[in-house]
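Taking it in order: structure first as structure tokens, then the write-up.
Values quoted throughout were computed directly from the atomic coordinates according to the rules given, and no laboratory measurement underlies them. Treat the numbers as computed from the prediction; the structure is a model and nothing was measured. When we count neighbours, we look across all protein chains shown, and the Cβ atoms used for this are built from the backbone with ideal geometry, even at glycine.
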Amino acid sequence: MAVISPVSEDLVNQSWEKIKNALKTEYGDATFKSWLKFLDFAGLRNGQVMMTVPTRFIREWIVAHYLDALRRLWCREFPSIKSVDIFVKPLASNQQKNVVNLPSAEDLEISGANLASASFVKPLSQNDDARMQEEDDGYILDSRYTFDTFVVGRPNELAFAAAKRVANSSETTKGANPLYVYGGVGLGKTHLMHAIAWQARKVSRHRKVMYVSAEKFMYQFIKAIKQKDLMGFKDQFRSVDVLLLDDVQFICGKESTQEEFFHTFNALIDQNKQVVISADRSPNDLEGLDERVKSRLGWGLVVDLQTTNFELRLGILQAKMQSMMVNVPLKVLEFLAQKITTNVRELEGALNRVVAHSTLVDRPISLENTEELLHDLLKSHDRKISIEEIQKKVADHFKIKVADMHSARRSRAIARPRQVAMFLAKKLTTKSLPEIGRKFGGKDHTTVIHAVKKIEELCIGDRSFAEEVEHLSRILQN
Ligand code: ADP
Ligand code: MG
């Protein structure tokens, strides 16, 4: 069944541009420049997206940290995509890029054209992919995300204890059904969810444990509707003993998915099956979610992953250093733990950059070269940009009043700058979508999402507009 047709080379290239922009927005410019910019689109065949990077190290890092996001973003563009694979292609053979066919309409179908002479697209080693365990039903658990590798400190001890209790019980845990874990980006929600899944499976092998992201739940649901197999879909989710649904905020505002999820959820709870939910905010703060659903999500045990403190960050760095089997001076670890405070993913990223750099240039790691190397990253952490500042700069630039940033006026001359400001607020601050919405005159978070998408699209289609936005972003960061 062709879901998208016809698929032209242009369309796929445009999609890749969109995905790159989304990655920049999601992970920030520093991360993008360090890792993601090395990704090259190489081809698409039978639902498999092929991408290349110049070195093995970059590949491993991207696979470990960004593959989920890449999958998600590619699937958003083309729902029929089944896998995204990254291969190593040294820079020297750059000229050969065109050896790989670009996609045609058939490429997104199950049957299909052959990929001509794609000899360079060789998997690095089988072991790399063995790390990701593919379950029977296609849901993936990362073998690094276990309780053993989760470092515990004050900010996360409650969530950790609750997760362990649920995972170690061979039956549904009374008082903790559902278990609802929430916390900001990169604080370990997915790690804990995978850890519960691994452990629950170990504790009682006969129980069927299923981990799924809310986004994937939605795609499966849409697919089932298209393929007229809702029964199959319902059966699949209702026959499990432990259901772990990651990032439930994703289905807020998506009415039919929400409804379907609620039915699944109720069916499982009524049968006394264990449900674990994660989200980036508390049940009460889930805007765009039906009141019934909200209240039921909070019926069991609600625990949060709080922002990390210095000790926890240092502990995580030490554990990570040991697992990489390298030695990094304590001073450097302390420096990183002090400077990079928002998100564990970024913290790990910084450590990896430091280690990789020292291996590449064959120089020992020191405080000086760390500061130098992470200059861009640290700068963005040192300077906190406020939404008010963004609104003011953008209003000045487009010659509108700052008050218009809060208004509901829809004329394009006002609405467009407002969208640019929302886009920059998402990109340059750590504020959540609802928080950003509130600062723009109490708008809904879906309005912010819409604004971000709109600006991304415009940037792809209009070079001079893209430069204008880039310019604003730069002056705000300086
Ligand atoms: P979230 O799902 O909340 O956005 P993740 O679970 O993906 O965050 O965590 C981001 C990265 O940080 C992962 O690589 C994870 O292993 C790591 N991490 C987060 N918290 C911890 C912790 N307490 N101990 C060890 N690693 C952690
Ligand atoms: Mg996550």
Cα-based Rg and Dmax for region 324-378, in Å, come out at 10.3, 30
Relative contact order as a percentage, region 301-428, C-alpha pairs under 8 Å and 6+ apart, gives 18
For region 185-254, the Cα convex hull volume per residue in Å³ comes to 82
Counting all Cα-Cα pairs in region 243-314, those more than 15 Å apart amount in percent to 56
Helix-only [θ] at 222 nm, the chain, -39500 (n - 2.57) per DSSP H run of 4+, per residue, nearest 500, equals -16500 deg cm²/dmol
Taking a crude spin-label model, label points 7 Å out from Cα along the C-beta direction, the residue 295 to residue 375 distance in nm is 5.8
Once Lys and Arg are counted +1 and Asp and Glu -1 for all other residues with Cβ under 12 Å from that of residue 312, the total becomes 0
For region 15-76, one quarter of the surface area of the C-alpha convex hull, expressed in nm², comes to 4.0
Any residue on another chain or 5+ positions along whose placed amide H is under 5 Å from the amide H of residue 84 is listed here as 49
With the convex hull built on the alpha-carbon atoms of region 279-372, volume per residue in Å³ sits at 127
Counting every C-alpha pair in region 398-478, the percent lying more than 15 Å apart is 55
Here the convex hull volume per residue of region 232-282, taken over Cα atoms and given in Å³, is 77
Set 82/339; 234/427; 254/379; 202/234; 294/427, cut-off 32 Å on Cα-Cα distance; pairs above it are 82/339; 234/427; 254/379
So, for the Cα atoms of the chain, Rg and Dmax in Å stand at 22.9, 65
Computed over region 334-477, the convex hull of the Cα set has an average projected area, in nm², of 9.9
Relative contact order in percent for region 200-304 (Cα pairs under 8 Å, 6+ apart) equals 26
Under 5 Å from the placed amide H of residue 244, counting only residues 5+ away or on other chains, we find 210, 211, 212, 276
Output for region 158-294 (equivalent-ellipsoid semi-axes, sqrt of 5λ from the C-alpha gyration tensor, Å, descending) is 22, 19, 13
FRET efficiency (residue 202, residue 410; Cβ distance; R0 60 Å; to 0.05) is 0.60
Simple SL model, points at 7 angstrom along Cα→Cβ for residue 272 and residue 453; separation in nm is 4.3
Of the residues 32, 168, 251, the Cα lying farthest along the dipole of the chain towards its positive end, which is defined by charges on the beta carbon of Lys, Arg, Asp and Glu, belongs to 251
Most packed first (mean Cβ within 10 Å per residue), the peptides 266-272, 196-202 order as 196-202, 266-272
